[in-house]
Structure formats: C-alpha cells, structure tokens
1. Identify the residue in the stretch C:445-471 that is more than 19 Å from C:Leu513 (Cβ to Cβ) and crowded, with 22+ Cβ neighbours inside 10 Å and, among all such residues, is nearest to the other protein chains (Cβ to nearest Cβ).
2. Can you list residue pairs whose Cβ atoms sit under 7 Å apart, with the first residue in the stretch C:86-106 being in contact (Cβ under 8 Å) with a residue 12 or more places away in the chain and away from chain B (no Cβ under 14 Å) and the second being β-branched (Val, Ile, Thr) and open to solvent by less than 10 Å² (accessible area, probe 1.4 Å)? Count only pairs 6 or more apart in sequence or on different chains.
3. Can you tell me how many residues within the stretch B:104-142 are open to solvent by 40 Å² or more (accessible area, probe 1.4 Å) and within 13 Å of chain A (Cβ to nearest Cβ)?
4. From the list A:Ala147, A:Ala152, A:Ala170, exactly one residue is more than 7 Å from every other protein chain (Cβ to nearest Cβ), among the aliphatic types (A, V, I, L, M), in contact with a Leu (Cβ under 8 Å, 6 or more places away or on another chain) and open to solvent by less than 30 Å² (accessible area, probe 1.4 Å). Which is it?
5. Among (1) buried (at least 19 other Cβ atoms within 10 Å of the Cβ); (2) farther than 17 Å from A:Tyr104 by Cβ, which single condition is A:Ser79 missing?
6. In the stretch C:108-119, how many residues are more than 7 Å from chain A (Cβ to nearest Cβ), open to solvent by less than 10 Å² (accessible area, probe 1.4 Å) and among the hydrophobic types (A, V, I, L, M, F, W, C)?
7. Residues of the stretch B:52-103 being β-branched (Val, Ile, Thr), within 18 Å of A:Leu71 (Cβ to Cβ) and open to solvent by less than 10 Å² (accessible area, probe 1.4 Å), which ones?
8. Of all residues in the stretch C:22-41, count the ones that are touching a helix residue (DSSP H, G or I) at 6+ places or on another chain (Cβ under 6 Å) and either over 20 Å from C:Glu82 (Cβ atoms) or more than 10 Å from chain B (Cβ to nearest Cβ) (or both).
Amino acid sequence: MNIWNPVRITWLHRANPVVKLFLVCSLFLMTVLTHDIDFVAYQALIFMLCLLALSGVRTWKMLLFFIPFLLAFISSSSSMMLFGKGDTVWWEWGLFKVSKESFYRGLHLGFKGIAFACEGLLLVTTTSSVDLFYSLMQKLKLAPKYAYSFMASIRLLPMVWEEYVIRRQALKVRGVVPIRGVRGAVNRAGMYVVPLLAQSIRRAHRVAAAMEAKRFDGDRGRRRTYFYPSRYSRYDLLTIALLAAAAYGAYAAAGHFPWFGIGDVRFD
Amino acid sequence: MGAQPRKGLRLSDILVTVLVSLVLGVVYHFWGSVYNLLKPLFFEADELLYGMWFAAATLAYLLIRKPGVAIIAEVAAAHVEVLFGSGWGLTLLMYGLIQGLGAELVFAATRYRSSSAFTVALAGAAAAVGSMLLDFFYSYTDDLQTWMFLAKYGMRIFSGAVIAGLLMLVLAKALERTGVTSLLRPASQKDYEALDDSRHV
Amino acid sequence: MSKMQRGVHFVNTVDAPNDPQGEPALYVEGLRLKYPGEERLMFKDLSFSAARGEKVLLLGPSGCGKSTLLQVLSGMIPRATEVPMKCEAQKYPASWGYVFQDPDTQFCMPFVDEELAFVLENQCIPREQMEERMQAALQAVGLELESLHVKIAHLSQGMKQRLALASALLLEPEVLFLDEPSALLDPEGREQIWTAVKAVSAGRTLIIVEHRIEEMAEYADRVVLFSPDGTILGEGTPADVFARYSRELKEFGIWYPGVWDDYAVSPSGMEVFAPLGTSSGGSRQDDSFARDLGKAARLQNREGLHPVEESGRLTGTDFTSAEQSKPAVQLAEFSGKRWDKAVITVQGAEVYPGDFIAIVGPNGAGKSSLLLSLMGLLNAEGMYLLGGEEVPLGKGRRNRKQRERMLRRIGFVFQNPELQFVTERVTDEVAYSLLVDGMSAGEAAEQARRTLERFGLDGKESRHPYQLSTGQKRRLSVATAMARQPAVLLLDEPTFGQDARNTFAILEMCERLRQAGTAIVMVTHEMRIAEQAATHIWEIRQGQLVSRMASPRLAARRAPGFQENGYPPMRAEDEAKEFGAREDNKESSGRPYAEVRS
C-alpha cells in the first residue's frame, strides 16, 4: 500500500526498507550536525534533485509537495531571523531585530528544514508501510505485536475516513448550528472526534480478537516464518553508493563553490 | 479453572493505542494548516496551538492507563505525519518519541494510577518540555533573545497543558460516556469475587 | 421475561448425544461468567458439550451470551479477552478456527495473500508450503481470485466472509466456531457463505451462532435455544425445537424459516401488509397530472418505460384533496454526481404522499447515491421538484442556502445510527432536530416524549444513545427523523443487520407514517418488504433507475388483469433466494462488550 502511486520503479524502491531507513537516518544525522551554511544549502538542493529523480512520483506532483516545504522554510527561518541573538545589527524595529548572525542562522535553519524533508520523503515515497514493518520485524527484530498493530491500524484508517465523510453528511442532515467562537469550534470538533474514535476503539478491539483467533501470539511469537522474506540485494549497495555520492557531492560543492562563504553559522 | 489475567500490554491495548493515535495523526497533519492561520496574528502566537501535537500521548493514556502507551501513541501519530509527507520528515519521529517520553514520565511518577486533571495537564506540559529540548538541538533556539525564548516556550507549555491535558480529558470523559472504553478496562478483583458470590449460588 | 419460561421444561445443561467414538470434541462444565460492571452473572453454572463432527446451532435473543459462550469454548476468553470466569471442568478443542460477524474487522493485512500468510506464519509453516495451502483453502470456500495478491478492500462483503473462513481453514481446525458469519451480508452473500460452510464442514465440529437461519436451519444436527438470562431453554433437532418453541423464536426476533408468513397473519403484520389500491380507478391521478402539466410534462413523455404510469397511477392512500394529491417529489433528467461523474441518473419519476417506495438493486448500483442526492448531499443536476417547488441544484451561495432550507422537509435515516447521533441523551436526540426547526424548548420536549413513547423508547430518556441496544439505536435514529414529521422520509437499509422483531417494528412505524401521508423511500435488499410493505418498487442498475412498478401490495386490490400486464410474478426460486433481511448488527452496539455477546 503506497499512497504515493509511483509511476516509475527506481533503485530506491527495490532496496531493502531497513537499509533505506539506516541510510536516511545517517543522512539525517549528517544534516543535524552540519553547521556550515553552504553545505546545508547544497544538501537541500541535491537531495531535492535526488527526490525528483528517485521517488518515481510524477514530477509535478512532487513539486506540489514542495509547497509545504516552503512553508516549513519560512516558518523555521523567520522567527530566528527576526528574534535571534546577534551583534552585527542590520535592522531593528520595535521588538524585531535582524542581525547578521540571526539572519544567516535563520536561513541555515530553512535549508536544514528542506534537507530533512527531502531525506524523509526519499524513504516515505519509495517504501510501503507493510514492507517497512515486515523488514523491521525480520531484520531488526521488532516485536511482531507492534509491527502487526501498525499494519492493521493502517488498514483500518481508510474506514475512519469513510466514516468521517458520512458523519459530515449526517451532521448536515441533522441541521447542526453554525460554529460560534472557540467553544463552538471545540464542540463541533467533539461531534466528529467522539463518534469516530468510539468506532475506532471498537474496531481495533475486534481486529485484535480476530488476530488472536488466528493464533497470533502477542506475547511470545517472535519466531515466525515469512511468506515475503526481507532480503538484501545489490540494489542496497547501489542505493548506498548513490546517496553517499550525493552527500559527498554536496560537501565538495560547498567547498568549491560556496554561495555564502561564512562558514559556521554558530559564529562561535 | 479460570486463568489469571495477564499483566502488561495486550495486543488489543496496542492496537487500540495505535489506531487512535493514527486517527489523531491525521488530525496532527491537518493541524499544521490551522497552525499557520495563527501565524500572521503576531509572531509565535502559533505556539498556542502547539499542544495539539501532544494529544495522542495523553489521550491514549486516559484510554488504556498502562505503561508505555503514551510513547507508542506519540510515535504512532508522528508516523502518520511522516507517511503523509510532512515537511519535517523523520525529525517528527524523534519529536514524537521525546514528547511521548515527557508525558510518560509524569504518568510513571503517579505509578499509572492518577488520571486527574492536574496529572494530565502536567503530562501535556512535560511533553512540551520534551519538544523544547529537541528544539535546542535542531534549531538553536537557545540563541533566541531571552524574552522571545520565554514567550515562545511559555505559550507552548501552556498550550500543552490546556490542549493535550485538559481538552483530552474532556474528550476521554465523552468517550467514557459512550461506553466503548469499558472494552479497555481490565476486570477488577471484585468482579472475580462476584463469581463466587453466595447470592448467585 | 419469566413468562416465556413458564410451562417450559427448564434445563441448564446440554450434553452431546451419546457419542460412540468416546470423548466429545469440547465441553465446559459449571461455567460462571460475569462482565465487569454488570449486575448479574451472564452464565450461572452452565454446562455445554458437543460431540465430534456434530453441527450445533445456538439460538437466542440478543445479549443472551451465545457469542460469549463461543469465546469461552474456544478459549478466547480468558486468553485474549479478559472476562472474569470460572468453571469446574473444560476441554478445549484440539484445533479450532473462528469466523466473526463483521467482514471489515477480521483482517489485519491489506492483501489476500498477506492475510493468509499471516495465519500460516503464526503457525511457523515453512514458506515453501504456504502458497499451496492458500490456494487449497481459497478453493475450498469457492473463492476464485485472479491472483493471490488482491486487495481485500476490493472484495465484496460476502467474499470477505469466505476469505475469513478460508483463513480459519488454514488452522486445520477440528472445530469451527461461526459467530453470526452471515449477519451483515446481503441475500447473495449469505447464500454463498453457507454453501462454503457446508462444503468444508465434513468431519468437522461446527458451533454456530446465528439469527438468520433460513439458509442453514435444516443443516444443524442440534439446536440449542438460550433464554434472555443466559440459561438454556431447550434443545433438540431443528424441526423439534422450531415446533416446540415457536413462540420464543418469535419473541427473540429470530429469522426462522417462515417468519414472514407468520408475521403476515399477525394483527400488526396484517396492517403493514394490508392490500392497497385506488378504488376510484386512477381518475384522481389524471387530474393531478393535468394540473401539474407545466413542469411535469416531460415526465409524462417517458411513460413507455413505466408500466405504472400508463393506465393512471395507483397510490397508497385514497387521498382526495387536491393539495395532497400533488406529488411530493418529482424528478426529471435528474442525476447525482460524485467527482463530477454521474453515479445515479433518473430519467423521470415521482413520489406521492402516502407512497412507500422500495429501492432495490445490486450493491454499488447507486441506490444510496440516489438518496444522498435527493438529500442534497451529492452534487446533482436536472429537475427536482419538492412539493411542487423547484429545488435549485446550482452552485453558488444563494442556491445552496435555499436548497438546504427546502430540503429540511425531508427526513433521512443513515445506515449506521451512531454516526447520526449528536447529543448525549436520548430525549435530547429527538428534541435536537425540533429545536433546530425553531420549536420552543417546552414544545420540543413534549414532542420528544411522545415520539419516544411511540417508538418504545420510553424509560430510556436519559441514556446515552450509544448505550442503547442495536435495535433501540436503530429505532431512535428513525424516531429523530420522524419526529419532525417530514413530508418525505428517506431510509438507507434501515432493517440491515436487525433481528426480525426490530425489522417488523420499523416497518410498522413506516406504515403509520405512510398512512398519515408521508412519502417513504427506502433502500432495501429485502424482497419481502418491497413486495408486501412497499407500494412501489424502483429498481436501480448500473447508476440508472431502470424500472418503476407498483408492488403486489398495491396491485392486490386492482383488476385481476394487472398481474399479467404490470408486475411480473416472482419465480419460486427468486423468492427463496431473496427471502429475508439481515441480522442483528453488533457493530453499532454501544454496550460494553457488545461484540462478544450476541
């Protein structure tokens, strides 16, 4: 079940989910620990290109998804720019104070945000939840009761959505009064959340009973056979090489063609 | 005969926790747009809505009341956001983990017995503190001007206590009135004793 | 409830008939069980056993504990579900499989192969054997799929239940527990699941809980009848039990074979099924058509399609006043859309006050979509007159506002009652819509009280709607719609999953409303409702209203020639196949532990 509907199958789709998870976490760590603004800017750029190339999702669809990234960019950079500490003050107006340090730090955060998002999406767009949990169970010994709880819940989620649609219609039919004020909004939210959660709880409870009736043992049962064994393949190596090259590319580019050339944004 | 009940999390406990959290995860996902609405109001006013992102931890605890559910719930809810392709990527899982841990610690301190308004509000606030710790790491927030820092996190902690704490308590009570939560409550010793009640013999 | 036990030999112990092979397949002795928070014990010193290969059918009213007993016998209680219980002795079956009621909550994986693999993996079956076993199990239940890797969500409900049976078979069960497996299926699915059960039952012990027993009543070796308080009322061969306990079967709402016929001759049944027709031979009809010629002219041009329209119209009530003989609803070139695609198209149709329209047709044909578009919940286009006034279907705020205001005259009952409740008390639930309509608080409370009394819900006023029983919830949802005395009432399968008693109760309410002049439009799979309670039958296929006919109920008082010209008499096998509605729906029951009881 992949909600992204990829139109092309790339190396990344074929790689083992656990390998991808490991890779993405490493990239992640790298980005977190990067304090050089040029390096981070190049990471953001290069992983964005990777995402467009490797996700297999239609390009326009993927570009549409960059809009929230932009918001994240503005959100994470603006407050640091306007309210951050700094000595070289460029502009000050009332409570706002933009200094050189805070400006670059804010920009740095924005790029970091984009890099995080792209790295995350590299995993999410190419891995179905079932595959991920299957291999987490097989390769990382995640307890089956957690893995299957996630997989079963993900299966039930669309039903909750259907019920939400019906609930919306039902409220219209019952003629619920328009929302007034915060209280009204909370009240209305409750009208949706309570029935949907009540149904979900009952459903989850019933699925759990059905699973146990199929001899799923939540307490022991780490020993299982698998119909879809999770295997490592050459695509794992290819993927590792590809993403490592991308990371190195960003590093090298930052060294040779710096955009800002200010180095560490912590200015320590 | 009649086996004694098992301790710890049952499959149904985990499944209910995860499904409820996934539903809240969808709410989390869309909460981002509500959050952005408040942005233009004045800077960091959006922090007042931040508490919604801790709701899964407290709600799941109020439903299941067992060790571990707060953490599982937050991670599960964050997982949905990641799945839907949030701009925050995998950072959200980290945030989920540490926010859940914050709430979990408060519940653990009451030995998983209290579900008072004070406890859940404190748990909501503790989750906010968890997210604050991670912010230091990710976003250099310790470099914000001091007044801004205090305002930002003051609002976040307040929001955690109100939305994740009190509001979820109200929601849990409403769910209790529907009767579904009785599925989740373990039987008491009294219920077992009633089997031998002489009145029934 | 004690009155039904009077004069009945009381037994609380049922044993398998003497089994020459020795050991029974399973038994429990001296069982005591109590749900937390309940006043009384569900079972008090109950004993039950079943012989190897025996097919046992457990019958009883909702809430008597049949499903709980299945869970105890299998060991699900207390292993998977914690419920306080104890017993003197128990033998669990050596191996067992379980099929539950709700087709949507039996699977944890999205694809057929993954789900079947889940069962095999749980037993540590080597991977090489898996595919072969899956194929064999699917074949055994008659489920032919183009490939194993098919999404479960794409299967019909009936196929899902057979998949559930197939996954139970993968456990190579000696005993099969079936907990109302056909309750939430349409007649076709019901027949398929029972065919599949019979096909795989050879050499296996079957313990079946079911309300809807027409398909398999004769198949059981032994029927065990429970009373409402969880004791065993009696047992025996099916024929024996049906003969001895016919009054209890009726009282418990069980769909035993012949229940419709028995109802038809009861006093309330005679009213609901009372033959109708116009004594005036349809002259009224022609008048009203002439009067409405302006807008309805187009409707009349399509008469070729509709046998009813040709020779004047038959209506349910003998209204004579000109006001009431106006159609309540008129449609022409009307279509309802989802995502800009027409999902239901009606060339032309009208509904008169006092009509009871039954909408029939296969699943997914567009029956519910028609109701939703009449209610303004789907985008629609074409001509739609409500009480002679045109409903604006266009976009734009003004159109929408006016449409919403006009459509308040229609009542709507959704399939799942819980999703339409908006308050936390039963009285408030009924009063709510009245208050929205602008009634004063006092008046609304009084009206709500009267309505609840009429629907047999008095005494439950301050309950939470979710805490009602399934049947009560359904009645409440109908009550909220009816309290407003709508001109038109739309109901989406209101008898789905209901027991016989509740089904009849809902029909009685509809009939009373119909007699008062409300037009009723009901989607149903139940052919007996369509033929005997409804006045007209509309058939929908592939998004089109393909035929509109007078029902036999309406035709009954017409000239004898009508049967040949108008309504084709049903063939016997159709009748057998489509007989009956659906079973008690545990899904929507808000009672604690509702799904482990029956």
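1. It comes out as C:Tyr466.
2. Listed pairs, sorted by first residue: C:Pro93/C:Val175; C:Trp96/C:Val175.
3. 3
4. A:Ala147
5. (2)
6. 2
7. Residue satisfying the conditions is B:Thr91 alone.
8. Count: 1.
The values are calculated or read from the model by the stated rules, or taken from the named source; none is laboratory data. Because the structure is a prediction, the values reported are computed rather than measured. Cβ coordinates were reconstructed from backbone atoms using ideal geometry, including for glycine residues, and neighbour counts include every protein chain displayed. Keep in mind that these areas ignore ligands, DNA and RNA; they rest on the heavy atoms of the full protein, side chains included. Shrake-Rupley method; radii C 1.70, N 1.55, O 1.52, S 1.80 Å.
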